[in-house]
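The structure appears right after this line, and notes come after that.
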Amino acid sequence: MSRIGRLPIPVPSGVTVKIDGDTVVVKGPKGELSSNLPEYTDAAVEGSEILITRSSDLRQARANHGLARALINNMVVGVSQGFQKSLEVIGIGYRADVKGNQLVLNLGYSHLVEYPIPDGISISVDKQNKVTVEGIDKQQVGQVAAVIRGFRKPDHYKGKGVRYSGEHVRLKAGKSA
């Protein structure tokens with residue numbers, strides 16, 4: 001049995017889970033998320049826990065067992081607590097700012113990089129160099145953070161660019177004379 005899939009998912013107070021066929025809808029104080037279960041998996045609410053079962057012992061069924069549990073757990077955590085990713089803008093003259101519904105980045109290019117903030121995501125900037133991406137959908141938060149980081153990945157010679165908070169960038173030695 002899957003070590004991840006067999007674990008029950010605790011449902012905190014204030015969160016409601018509705019399972020209709022292969023569709024799971026999770027509502028909480030921060031919003032509502034819905035998803036379809038992967039094939040070969042079933043979900044059931046028992047008390048204040050969600051249990052995931054698989055219908056067969058095929059290789060794909062075993063793989064989907066843990067996947068289904070992780071996806072539903074992320075939905076429950078998202079609507080109750082939310083997710084966030086922090087980024088740092090490092091470099092002289094590099095800065096970030098939120099103007100209206102756009103994140104405006106000055107990353108050393110000849111133009112400003114303007115990124116429209118998607119629905120369901122909130123972005124805040126602290127001290128012009130710390131960007132925080134928050135939302136209830138873990139996949140969407142990670143994707144938005146990756147897109148922002150992709151505008152100017154960290155340079156391996158000077159360390160300039162956009163990086164995740166706590167990310168270690170190994171600096172290469174420059175030219176030797």
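All of the numbers you see were taken from the coordinates with simple rules; none came from a lab. Remember, it's a predicted structure, so these values are computed and weren't measured experimentally. Reconstructed Cβ throughout: ideal geometry from the backbone, glycine too, with neighbour counts over all protein chains shown.
A few remarks follow.
- Sparsely packed GluC sites (Glu not before Pro) within region 18-101, loop by DSSP, other Cβ within 10 Å at most 16: Glu39
- Expected-Rg normalisation [2.2 N^0.38 Å, Cα atoms] applied to region 2-85: 1.04
- Degrees separating the helix 138-150 axis from the principal Cα axis of the chain, which is the longest one: 20
- Computed E for Ile92/Lys27 - FRET, C-beta separation, R0 41 angstrom, nearest 0.05: 0.30
- Rounded to whole Å, the principal axis extents of the Cα atoms in the chain read 64, 42, 23, largest first.
- Anisotropy class of region 3-48 from Cα gyration tensor, a/c 1.5 cut: oblate
- Full-stretch length increase - Ser13, Tyr109 - with 0.36 nm per residue and alpha-carbon distance subtracted: 29.7 nm
- Angle in degrees between helix 59-80 and the longest Cα principal axis of the chain, rounded to the nearest 10: 70
- Distance between region 3-19 and region 136-177 - C-alpha centres, whole angstrom: 34
- Relative contact order [Cα under 8 Å, 6+ residues apart], the chain, whole percent: 18
- Within region 1-67, the trypsin sites (Lys or Arg not before Pro) that combine a DSSP coil assignment with at most 14 other C-beta atoms in a 10 angstrom radius are Arg3, Arg6.
- Principal axis box of region 91-175, alpha-carbon based, largest edge first, Å: 46, 27, 19
- Mean residue ellipticity at 222 nm, helices only, the chain: -6500 deg cm²/dmol; runs of at least 4 DSSP H residues each add -39,500 (n - 2.57), and the sum is divided by the number of residues.
- Inter-part distance where region 23-41 and region 69-119 are each reduced to a Cα centre, Å: 24
- Using C-alpha pairs under 8 Å with a sequence gap of at least 6, the mean separation divided by the residue count of region 108-177 gives a relative contact order of 18 percent.
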